[in-house]
Amino acid sequence: MSDINELVRLLKELDNELAKCMQCGMCQSVCPLYAETGREADVARGKLSLVQNLSRQILKDPEAVKNRLDKCLLCGSCAAACPSGVAVIDVFLKARAIISGYLGLSPIERILFRKILARPDRLERLFRWVARIQEGFSMPADKRIGSSCARIVSPLIGNRHYVPLSKTPWHKKKARGTSQTYAQGPRILFYPGCLVDNVFPGVAEAALRVFDYHRVSAYTPDTPACCGIPALSAGDTKSFEALVRINLDHFHSSDFDFLVTPCATCTATIGTLWPPMTRHFRKSERDRVRAVAEKTMDIHQFLVDIVGITPKIPGPDMEKPIVTYHDPCHLNKTLGVFNPPRTLIDASGAWKRTEMRDSGRCCGMGGSFNLAHYDLSRKIGEKKRSAILETKPDVVATACPACMMQIVDLLSQAGASIPVKHVIELYAEGLGV
């Protein structure tokens, strides 16, 4: 059990936010989980009512409280729609920390978060071990999409169609982190994120080519560490805080003008969650966290707002491949970044962009939600898949590697051989770099 003073501190931090909730029910109309279950307990309003009585409910049935709090995508739809401005995600993350502190982490969680995730060297060894053995228990599902599935259904993978780990992570490749250095122009720290580094290295490679094309000086820490969102989502604040400090030691805000990442979740975590979740750090550490958070930008927003990329004027009506774009929740709802990815798709003039129905609807991934509630995750995602197929695209684009994994699974299982690309890959292809 966590220190009681820590639990009291977290409970006090919840009070002001909870007082803002008017129980108006706006969150109900936008919650993708509620749309599937119709249960009040699954919507933000129901969970906030639970949190208001958290200290009493913990003593009554802590496991039930944990189960209800964990059944959430953390997509931010409720926070974006809240007329009172309740920081719903902050509330839920702190509530998860409280209940996890009271119950303690499971043995598997302690190993996964404390012994592996919070130790980048061990996490890298685990990734490399899985990358070596994965071919033995998987087989190709759709070569055009690049998906695989298990030869024999396993408790961990189940019936998922997934993108296998890259045999070599991006940061280990020779070209890693070596864009040109330019006398003028912005200096950036390029933060790939775990999924881009280990599953979609082509995204990072495309980003470096784009930076060179636009004469942006970029560098990357030698040993990238996780931004901490998996641990934070599980209520493990100790591992989250360790990862924040590891990252702070790897880069210093005075060395770069912007921290740029192609992962919507990493952008939202560093930019919006690091500061409120580290308020109890020493002042010197809080100042460093704030300085990094203020410089953190999504790669599309950076290229459009800072570099100044604009769409090309449409030329003759030629046959172009059709691309449809999915808005990641953390990018659109949490960060309010809507136009920049579309601008990049249009900027090279190589694609015909067709908007899908409800482009901002959650794909159902939700990180650990997909692992714990795969059936619900898939049902939510099926609506996204239907919207994609309606547009009859040649390629699906998005700006989040986790969304890419979910959409690959959805399309591959339906036998829809439509490639899923990151926007920065499409932009690089359009530039011919």
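The values are calculated or read from the model by the stated rules, or taken from the named source; none is laboratory data. Everything numeric in this text was worked out from a predicted model, so none of it was measured. Cβ: placed from backbone, ideal geometry, glycine included. Neighbour counts: every protein chain shown.
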**OP:** Test residue 245 against the criterion of being surrounded by fewer than 24 Cβ atoms within 10 Å (Cβ to Cβ), charged (D, E, K, R) and closer than 18 Å to residue 298 by Cα, and give yes or no.
**Re:** no
**OP:** Go through segment 373-392 residue by residue and tally those that are within 14 Å of residue 413 (Cα to Cα) and among the acidic types (Asp, Glu).
**Re:** 2
Subject >> Single residue of 79, 64 found to be crowded, with 16+ Cβ neighbours inside 10 Å, of a type outside the set (Val, Ile, Thr) and not assigned by TED's automatic domain parsing to the domain that holds residue 422 >> reply: 79
Original post:
Any idea which of (1) touching a strand residue (DSSP E or B) at 6+ places or on another chain (Cβ under 6 Å); (2) buried (at least 23 other Cβ atoms within 10 Å of the Cβ) is the one residue 268 doesn't satisfy?
Top reply: (1)
Original post:
How many residues are crowded, with 22+ Cβ neighbours inside 10 Å and free of Cβ contacts under 8 Å to residues at least 24 places away in the same chain if we restrict to segment 86-114?
Top reply: 0
**OP:** Being more than 24 Å from residue 218 (Cβ to Cβ) and either at pLDDT 95 or above or assigned by TED's automatic domain parsing to the domain that holds residue 75 (or both) narrows it down to one of 266, 329, so name that one.
**Re:** 329
Subject >> Any helices (runs of 4 or more DSSP H) falling wholly within segment 232-313 and containing at least 3 residues that are at negative phi and touching a Cys at 6+ places or on another chain (Cβ under 8 Å) >> reply: 264-268
Subject >> Residues that are touching a residue at least 60 places away in the same chain (Cβ under 8 Å) and polar (S, T, N, Q), drawn from segment 384-433 >> reply: 391, 398, 412, 413, 417
Subject >> Residue check, residue 74 under 20 Å from residue 384 (Cα atoms), in contact (Cβ under 8 Å) with a residue 60 or more places away in the chain and assigned to a helix (DSSP H, G or I) >> reply: no
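Mind checking which residues of segment 316-353 are over 26 Å from residue 29 (Cα atoms) and in a loop (DSSP other than H, G, I, E, B)?
Step one: filter segment 316-353 for residues over 26 Å from residue 29 (Cα atoms), giving 316-323, 340-353.
Residues satisfying the conditions are 316, 317, 318, 319, 320, 321, 348, 349, 350, 351.
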Original post:
Inside segment 167-211, can you point out the residues that are surrounded by fewer than 18 Cβ atoms within 10 Å (Cβ to Cβ) and modelled with pLDDT under 90?
Top reply: 172, 173, 174, 175, 178, 180, 181, 182, 183, 184, 185
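Scan segment 388-400 and give yes if some residue there is of a type in the set (D, E, K, R), assigned by TED's automatic domain parsing to the domain that holds residue 331 and within 22 Å of the chain's Cα centre (by Cα), otherwise no.
no
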**OP:** Might you check whether a residue that is among the aromatic types (Phe, Trp, Tyr), more than 24 Å from residue 210 (Cβ to Cβ) and out of contact with any Leu (no Cβ under 6 Å at 6 or more places or on another chain) occurs anywhere in segment 325-333?
**Re:** no
Original post:
Any idea which of 359, 386, 377, 412 is part of a helix (DSSP H, G or I), closer than 20 Å to residue 265 by Cβ and of a type in the set (Ser, Thr, Tyr)?
Top reply: 377
Original post:
Which pairs have Cβ atoms under 9 Å, sit 6 or more apart or on different chains, and link a residue in segment 13-41 that is not assigned by TED's automatic domain parsing to the domain that holds residue 94 to one that is not basic (Lys, Arg)?
Top reply: none
Original post:
Of (1) farther than 17 Å from residue 409 by Cα; (2) modelled with pLDDT under 90; (3) among the β-branched types (Val, Ile, Thr), residue 116 satisfies all except one. Which?
Top reply: (2)
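Would it be correct to say that residue 283 is at pLDDT 95 or above, over 23 Å from residue 424 (Cβ atoms) and not assigned by TED's automatic domain parsing to the domain that holds residue 79?
Values: at pLDDT 95 or above: yes; over 23 Å from residue 424 (Cβ atoms): yes; not assigned by TED's automatic domain parsing to the domain that holds residue 79: yes.
In short, yes.
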**OP:** Would you confirm whether any residue within segment 57-64 is over 25 Å from residue 336 (Cα atoms) and either touching a residue at least 60 places away in the same chain (Cβ under 8 Å) or polar (S, T, N, Q) (or both)?
**Re:** yes
**OP:** Only residues that are in contact (Cβ under 8 Å) with a residue 60 or more places away in the chain, in contact with a helix residue (DSSP H, G or I) (Cβ under 6 Å, 6 or more places away or on another chain) and not polar (S, T, N, Q): list them for segment 118-157, please.
**Re:** 118, 123, 127, 141, 142, 145
